[in-house]
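Okay, structure first, notes after.
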Amino acid sequence: MELKEYQKKTLETIKLYLDSLADFKAKNDKAVEIDPELSIDFPLKAWEKVIGRTYYSKKNGLGEELPDFYIKIPTGGGKTVLACHTIDLINKIYLKKQTGIVLWIVPTTQIYRQTLDNLRNREHPYRQVLDISSGGRTQILEKMDKFSALDIKENLVVMLLMLPSASRQNKEVLKIFKDSGSFADFFPQEDDREGHEKLIKQFPNLHYFGDEIGFFGKIAKTSLGNTLRILEPIIIIDEGHKAYSEIAQKTIRDFNPSIVVELSATPPHNSNNLVNISGQELNLEDMIKLDLHITNKAEPDWQNTMLASVEKRNFLEQKAKEYEANTGEFIRPICLIQVERTGNDQKGTKYIHAEEVKDYLIKQCGIPIEQIAIKSSEKDDIEGIELLAKDCHVRYIITKHALQEGWDCAFAYILTILTNPGSELSITQLVGRILRQPKARKTKVKELDESYVFCFRPRATEILENIRKGFEGEGLGDLAGKVVVEEGESEIVDATKERIVGYRDKFKKFEGKIYLPKFVIQENGGWRDINYEMDILSRINWSMVNFDGLMNISLSEIKAKEENVTIGISEDTKKLIETKEIIFGEGGLEIDNVFITRQILDIVPNPWEAFEIAKNTIDIFLKKYDEHILANNLVFIIDELRKLLEKERDKLAESIFREQISKKTMFFFLLHGKGGYELPSRIKVKKNSKPLIRNDYTSLQRSLFDFVEDEKFNNTEKAVALYLDEQEKLLWWYRNMSRQDYYLQGWKKNRVYPDFIFSEIDSNVQDDYSKVFVVETKGLHLKNEDTDYKKNIFDFCNKLGIQKNWTELNIEFDQNIEFQVIFEDEWKAKINGIFGV
């Protein structure tokens, strides 16, 4: 499962924090060994170094500093797969192991069943991430399942727990601390008073029987709760904001976790938000269906609203069939219908009932009964049904609020609201159910890339407010401004209603005359943009990969082992004798070249070449180690091989890229039509969007276009834009939009989209410019290999640009072009340097 760009950036940020966390933890441990009073808040120190924002410190049940952070990710953003990768990073970087226990806490039955099914399915991407992390030794357990000390030692054990947000004395919580013989091997024998005293001293918050003055002293309960406290698990909290009262939060911290990771679209106040993913990032990665269209039916009968929904769904299904004929991709659009009542004893009232709607669909609309399902607390027609399967018939799902939390189906396109204007029910929680894009990939069929809401008799202002609340509740608050509602008879309103904006009057003479160079290939007498896979990756000679880096890697000689315990009686029959035998096993994974090949195909796309690399890798290690050691280190070997291949691929790709430039099979051209890029003369902006204004509340003066949307900027970009707008020596500036505007395709797969393009006033001609700057801004915590790559690309462009005389191309453009990468701690100084301030 290939990760989206925002997911990769998220994991990179998490990795940076964990690296820092591990470093400060090691320093803290050394200091505490010398003097416990020297202990530091190491999670805080790590946070200050990497993130810099306010950190809210927490302690676990032992009074130890507890690393705790949030991943803020909107609905549909893939929070579960990020959680699985985060577990892998925590074990590798922070805990330095592959095994142990993870306590995965969810708030609702719906989310619990969905997560459990996915993690238990060995073919599911979530499970595959965990299996790679653990070397194929993953166990997925529920609360009532038993596990042993050996299970924890040799496996990555993930236990799902549905912890209510109620009181600490909740019945379900108390069950966890009920004494059980299932976990006895984690505790001393009952008559081992000294052993129990030592254990309780080490973990003072264990539940126990007896007291210090009793005959047996304190005896720790052999409960699941106590076992978890001893094991100090990684804790993953799904939908953390649902939450969890302070009492329930304390219950979680009292499990003595080594680290807590919370995932939510809307983290509560005072959360440690390590990563903040915006709705716009999901939208740019094709994860959600936008635009959102709203039809506000002002008719007296709900049946008319339902009929309009049926017509729209039938239309979408026809589009889906055409799409499947052209691509082979199957989509079956589903309509979700919210009613006011679903209970058997509530029929025949003034409220719109699920059965009433079902009868209408069958009798009046001719919908086959197998295409209609009711989902409520009393009736669940979709239980156990795979809604994405081709042989599933469901096209309509009627509910009251049973789909509000945790339910997910990318085929859901339409939300029909059959509630009276005075109804207490709102559509807030249901909006997110229709936003997920099938297969997280746009179909390029406009109707199948958007979502639809049909409302029965509500007031427009109420619709707008509910939809916006729904977006905010799903972590899509930055997209909430894109919702526009108009009242009218069966009128569909585009949620992203747009208007065209042109250059400022003083810049109109530059329309169609601002060019930027791009890398292009000459082919068949013409020019085309370079294609990474075709022009770079396919030309790599993988036999040139240097494997010396693998030869210098040392493998651990610790083999997988089992402990065989024999209990006997001494010769005088007065005591028991315990004999232990260590048996060394064969390792977690078999040495399988095909398995290794599968793990590197995303780097080496040719399976034959990938297989040869896998075989060569194993041969390298077999010269130094036996097969037992290789088996025990196979996951580590694969991880190191991937790092080496990525590094070698990029090195070879750069060589190919530069060679094609020198041989003049690839060019750096400026002219549009010969591969260059012409800055647009018109852009679309949302009709009701908020304009970017200066800090003194006056309008922008130097932006190329006469309207700039505030929502298109993060904090650093906004600060840069406003500072640029104040520069006397700057003529104009333009916010270059990622994934839609100017980009550079270099020797790595991902395109480089600069953030700003601006010009310097020509000292000889005041209303013209002499130089264009192309600038990428980066946060401090994002200084990494990717940044180095962008700087290399920019430096290469600057070198090639010096060699160019753009006037040779017979265009009205003779300005110099300079590319720069600047960081958030230096951007002001850099801009001052550019304009000689």
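The values are calculated or read from the model by the stated rules, or taken from the named source; none is laboratory data. Bear in mind the structure is a predicted one, so any value in this text is a computation, not a measurement. For neighbour counting, all protein chains shown are included, and Cβ atoms are generated from backbone atoms with ideal geometry for every residue, glycine included. The protein model used for the area step is the full one, side chains on, heavy atoms only, and it has no ligands, DNA or RNA in it. Shrake-Rupley method; radii C 1.70, N 1.55, O 1.52, S 1.80 Å.
Filter the range 663-672 for residues that are within 18 Å of ILE817 (Cβ to Cβ) and open to solvent by 10 Å² or more (accessible area, probe 1.4 Å); which is modelled with the lowest pLDDT?
Result: HIS672.
Each row is one residue, and each column tells you yes or no for (1) closer than 27 Å to ASP131 by Cβ; (2) of a type in the set (Phe, Trp, Tyr); (3) at pLDDT below 95.
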site: GLU48; (1), (2), (3): no, no, yes
site: TYR56; (1), (2), (3): no, yes, yes
site: LEU66; (1), (2), (3): no, no, no
site: TYR70; (1), (2), (3): yes, yes, yes
site: TYR94; (1), (2), (3): yes, yes, no
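Check whether at least one residue in the range 125-139 is in a loop (DSSP other than H, G, I, E, B) and open to solvent by 60 Å² or more (accessible area, probe 1.4 Å), and report yes or no. Spell out how you get there, then give the answer.
Within the range 125-139, the first condition is being in a loop (DSSP other than H, G, I, E, B), and the residues that meet it are 135-137.
With open to solvent by 60 Å² or more (accessible area, probe 1.4 Å) added as a condition, the list becomes 137.
There is at least one residue in the range 125-139 that is in a loop (DSSP other than H, G, I, E, B) and open to solvent by 60 Å² or more (accessible area, probe 1.4 Å).
Could you please give the count of residues in the range 20-59 that are part of a loop (DSSP other than H, G, I, E, B) and open to solvent by less than 10 Å² (accessible area, probe 1.4 Å)?
Keep residues of the range 20-59 that are part of a loop (DSSP other than H, G, I, E, B), which gives 35, 39-41, 51-58.
The next check asks that each one be open to solvent by less than 10 Å² (accessible area, probe 1.4 Å); those that pass are none.
Within the range 20-59, residues that are part of a loop (DSSP other than H, G, I, E, B) and open to solvent by less than 10 Å² (accessible area, probe 1.4 Å) number 0.
Conditions (1) buried (at least 21 other Cβ atoms within 10 Å of the Cβ); (2) out of contact with any Ser or Thr (no Cβ under 9 Å at 6 or more places or on another chain); (3) modelled with pLDDT of 85 or more, marked per residue:
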| site | (1), (2), (3) |
| --- | --- |
| MET737 | no, yes, yes |
| GLN745 | no, yes, yes |
| SER759 | yes, no, yes |
| LYS771 | no, no, yes |
| LEU780 | no, yes, no |
| ASN784 | no, yes, no |
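When you look at GLU370, is it free of Cβ contacts under 8 Å to residues at least 40 places away in the same chain and out of contact with any helix residue (DSSP H, G or I) (no Cβ under 9 Å at 6 or more places or on another chain), yes or no? Steps first, please.
Values: free of Cβ contacts under 8 Å to residues at least 40 places away in the same chain: yes; out of contact with any helix residue (DSSP H, G or I) (no Cβ under 9 Å at 6 or more places or on another chain): yes.
So GLU370 passes the test.
On the basis of being without any contact (Cβ under 8 Å) to a residue 60 or more places away in the chain and buried (at least 19 other Cβ atoms within 10 Å of the Cβ), does LEU692 make the cut? Steps first, answer last, please.
Working: without any contact (Cβ under 8 Å) to a residue 60 or more places away in the chain: yes; buried (at least 19 other Cβ atoms within 10 Å of the Cβ): yes.
Criteria met by LEU692.
For residues in the range 205-239 being among the β-branched types (Val, Ile, Thr) and open to solvent by 10 Å² or more (accessible area, probe 1.4 Å), which is modelled with the lowest pLDDT? I'd like the intermediate steps shown before the answer.
We begin by selecting, within the range 205-239, every residue among the β-branched types (Val, Ile, Thr); these are 213, 219, 222, 227, 230, 234-237.
If we keep only those that are open to solvent by 10 Å² or more (accessible area, probe 1.4 Å) too, we end up with 213, 219, 222, 230.
Working: ILE213: 69, ILE219: 90, THR222: 91, ILE230: 95.
For the range 205-239, the residue satisfying everything is ILE213.
Of the residues that make up the range 242-250, is at least one within 28 Å of the chain's Cα centre (by Cα), modelled with pLDDT of 90 or more and of a type in the set (S, T, N, Q)? Steps first, answer last, please.
Initially, the range 242-250 is screened for residues within 28 Å of the chain's Cα centre (by Cα), giving 242-246, 248-250.
Of the ones still in play, those that are also modelled with pLDDT of 90 or more are none.
No - not one qualifying residue is present in the range 242-250.
Restricting to the range 531-576, what's the tally of residues that are part of a loop (DSSP other than H, G, I, E, B), under 30 Å from LYS624 (Cβ atoms) and at pLDDT below 90? Step through it out loud before you land on a result.
First, the residues of the range 531-576 that are part of a loop (DSSP other than H, G, I, E, B): 531, 540-541, 545-547, 552-560, 570-575.
Next, from what is left, pick out any that are under 30 Å from LYS624 (Cβ atoms): 540-541, 545-547, 552-560.
If we keep only those that are at pLDDT below 90 too, we end up with 552-560.
Qualifying residue count for the region: 9.
For the range 65-100, enumerate the residues that are open to solvent by less than 10 Å² (accessible area, probe 1.4 Å), not acidic (Asp, Glu) and not in a helix (DSSP H, G or I). I'd like the intermediate steps shown before the answer.
First pass over the range 65-100, keeping only residues open to solvent by less than 10 Å² (accessible area, probe 1.4 Å): 66-71, 73-74, 76-77, 81-84, 86-87, 90-91, 100.
Keeping just the survivors that are not acidic (Asp, Glu) gives 66-67, 69-71, 73-74, 76-77, 81-84, 86-87, 90-91, 100.
Answer for the range 65-100, where residues must be open to solvent by less than 10 Å² (accessible area, probe 1.4 Å), not acidic (Asp, Glu) and not in a helix (DSSP H, G or I): LEU66, PRO67, PHE69, TYR70, ILE71, ILE73, PRO74, GLY76, GLY77, GLY100.
Out of the range 510-530, which residues are in a loop (DSSP other than H, G, I, E, B) and either open to solvent by less than 60 Å² (accessible area, probe 1.4 Å) or more than 30 Å from GLU654 (Cβ to Cβ) (or both)? Walk me through it before giving the result.
Taking the range 510-530 and keeping what is in a loop (DSSP other than H, G, I, E, B), we get 511-514, 517, 524-525, 530.
Result: GLU511, GLY512, LYS513, ILE514, PRO517, ILE530.
Report, by residue number, each residue of the range 663-695 that is over 28 Å from ALA653 (Cβ atoms), part of a loop (DSSP other than H, G, I, E, B) and not hydroxyl-bearing (Ser, Thr, Tyr).
LEU679, PRO680, LYS687, ASN688, LYS690, LEU692, ARG694, ASN695
Within the range 145-188, how many residues are at pLDDT below 90, open to solvent by 30 Å² or more (accessible area, probe 1.4 Å) and part of a loop (DSSP other than H, G, I, E, B)?
So the answer is 10.
Within the range 1-11, work out how many residues are open to solvent by 60 Å² or more (accessible area, probe 1.4 Å) and modelled with pLDDT of 90 or more.
Of the residues in the range 1-11, the ones open to solvent by 60 Å² or more (accessible area, probe 1.4 Å) are 1-2, 8-9.
Imposing the further condition that a residue be modelled with pLDDT of 90 or more reduces the set to 8-9.
Of the residues in that region, 2 qualify.
Kindly indicate whether any position in the range 335-342 is out of contact with any strand residue (DSSP E or B) (no Cβ under 9 Å at 6 or more places or on another chain) and aliphatic (A, V, I, L, M). Give the steps one after another, and end with the answer.
Filtering the range 335-342 down to residues out of contact with any strand residue (DSSP E or B) (no Cβ under 9 Å at 6 or more places or on another chain) leaves none.
For the range 335-342, residues out of contact with any strand residue (DSSP E or B) (no Cβ under 9 Å at 6 or more places or on another chain) and aliphatic (A, V, I, L, M): absent.
Every residue in the range 603-626 that is acidic (Asp, Glu) and either exposed (fewer than 14 other Cβ atoms within 10 Å of the Cβ) or farther than 19 Å from ALA653 by Cα (or both), please.
Across the range 603-626, the qualifying residues are GLU612, ASP619, ASP626.
Just checking, which of GLU489, GLU447 is surrounded by fewer than 14 Cβ atoms within 10 Å (Cβ to Cβ) and either out of contact with any strand residue (DSSP E or B) (no Cβ under 8 Å at 6 or more places or on another chain) or at pLDDT below 90 (or both)? So that I can check it myself, show each step before the final result.
Working: GLU447 fails: surrounded by fewer than 14 Cβ atoms within 10 Å (Cβ to Cβ).
Of GLU489, GLU447, the one residue that is surrounded by fewer than 14 Cβ atoms within 10 Å (Cβ to Cβ) and either out of contact with any strand residue (DSSP E or B) (no Cβ under 8 Å at 6 or more places or on another chain) or at pLDDT below 90 (or both) is GLU489.
Counting just the residues of the range 499-509 that are within 41 Å of the chain's Cα centre (by Cα) and outside any strand (DSSP E or B), which one comes out surrounded by the fewest Cβ atoms within 10 Å (Cβ to Cβ)? Full working, then the answer.
Taking the range 499-509 and keeping what is within 41 Å of the chain's Cα centre (by Cα), we get 499-504, 507.
With the extra rule that they be outside any strand (DSSP E or B), the set shrinks to 504, 507.
Values: ARG504: 17, PHE507: 21.
By that ranking, first place goes to ARG504.
Which one is farthest from the chain's Cα centre (by Cα), of the residues in the range 590-639 that are among the acidic types (Asp, Glu) and part of a loop (DSSP other than H, G, I, E, B)?
Kept after step one, since they are among the acidic types (Asp, Glu), are these residues of the range 590-639: 590, 592, 602, 609, 612, 619, 626-627, 639.
When the remaining residues are screened for being part of a loop (DSSP other than H, G, I, E, B), the result is 590, 592, 602, 626.
Working: GLU590: 31, ASP592: 31, ASP602: 19, ASP626: 39 Å.
So the residue we want is ASP626.
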